[in-house]
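Report on one structure; see the data block that follows.
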């Protein structure tokens, strides 16, 4: 089975990509690249960038401390993000001729691209859909103290944002001292394991696994919704111990068969 992944390959997403490479080492990873935009930035935007940089550096450090290794990607192809949905991007992906196309932190794809894969086009979403769609959805579940909806989703890609049929939902184990960073890592690990199981099932079936329909829309969060004030509020909660999270066991729900399967650990 020929697999193509589109991902920015950040530290969090590499945990998932690692599982894909374990299944198929010759997976082609298309990595969108972004040019630097020259524009005036407000003080709030500069602070937001610093907070984001701090968060990613901490995430990388915690992943390294856990001994999670990132393998070399044999077939990594940098590609201009602005050209991905353009004719040259479409033709490039058609030449790759994937059986399965997987996105994991990637730009929104045109409908034409989502139809290229022979079997399916799926997305790895860091949030529980449909309740939490869009950007920073693990953050928003933590911010709203909605601990029952902390986790990630594997779903088919449709024309909406994170609205396609659901293949799996992964809910990480939660501890009192968890924060956004630890939840990111736990969710990535569970999503990787669920995706590996899906790949095994798909390779045997050799036809699309339909999953289950999302019956509600939930909330679609935009990147700009996460303001500096809200990010600082979460940091302050953690510092003074007001972000204590109730204990929760991990759970993975898969929809790879006709009936839903729930796996507890």
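Brief remarks follow.
- Considering residues of region 254-265 that are buried (at least 17 other Cβ atoms within 10 Å of the Cβ) and in contact with a helix residue (DSSP H, G or I) (Cβ under 9 Å, 6 or more places away or on another chain) only, the residue modelled with the highest pLDDT: 254
- Taken together, the criteria exclude residue 142 from residues that are under 18 Å from residue 250 (Cβ atoms) and under 12 Å from the mean Cα position of the chain (by Cα).
- Yes/no for residue 190 being under 19 Å from residue 62 (Cβ atoms) and either touching a strand residue (DSSP E or B) at 6+ places or on another chain (Cβ under 9 Å) or assigned to a loop (DSSP other than H, G, I, E, B) (or both): yes
- Residue, modelled with the lowest pLDDT, within region 54-71, restricted to residues that are over 13 Å from residue 12 (Cβ atoms) and part of a loop (DSSP other than H, G, I, E, B): 71
- Test: residue in region 119-139 that is over 21 Å from residue 10 (Cα atoms) and without any contact (Cβ under 8 Å) to a residue 40 or more places away in the chain: no
- Residue that is farthest from the chain's Cα centre (by Cα), among those in region 145-155 that are crowded, with 22+ Cβ neighbours inside 10 Å and more than 24 Å from residue 205 (Cβ to Cβ): 150
- Residue within region 16-23 that is in a helix (DSSP H, G or I) and surrounded by fewer than 14 Cβ atoms within 10 Å (Cβ to Cβ) present: yes
- Checked against (1) on the phi < 0 side of the Ramachandran plot; (2) touching a helix residue (DSSP H, G or I) at 6+ places or on another chain (Cβ under 8 Å); (3) at pLDDT 95 or above, residue 107 passes all but a single condition, namely (3).
- Scoring residue 51 on the criteria (1) assigned to a helix (DSSP H, G or I); (2) modelled with pLDDT of 95 or more; (3) surrounded by 12 or more Cβ atoms within 10 Å (Cβ to Cβ) leaves a single failure, condition (2).
- The conditions of being over 20 Å from residue 219 (Cβ atoms) and either surrounded by fewer than 17 Cβ atoms within 10 Å (Cβ to Cβ) or in contact (Cβ under 8 Å) with a residue 60 or more places away in the chain (or both) are not met by residue 180.
- Residues satisfying the stated conditions in region 206-224, i.e. in contact (Cβ under 8 Å) with a residue 24 or more places away in the chain and under 14 Å from residue 49 (Cα atoms): 223
- Residue match in region 156-165 (condition: more than 13 Å from the chain's Cα centre (by Cα), in contact (Cβ under 8 Å) with a residue 24 or more places away in the chain, assigned to a loop (DSSP other than H, G, I, E, B) and within 26 Å of residue 241 (Cβ to Cβ)): no
- Under the condition of being assigned to a loop (DSSP other than H, G, I, E, B) and either buried (at least 19 other Cβ atoms within 10 Å of the Cβ) or at negative phi (or both), the residues counted in region 193-217 number 10.
The values are calculated or read from the model by the stated rules, or taken from the named source; none is laboratory data. Since the model is a prediction, treat every value here as computed from it, not as a measurement. Positions of Cβ are generated from backbone atoms using ideal geometry, with glycine treated the same way; all protein chains shown enter the neighbour counts.
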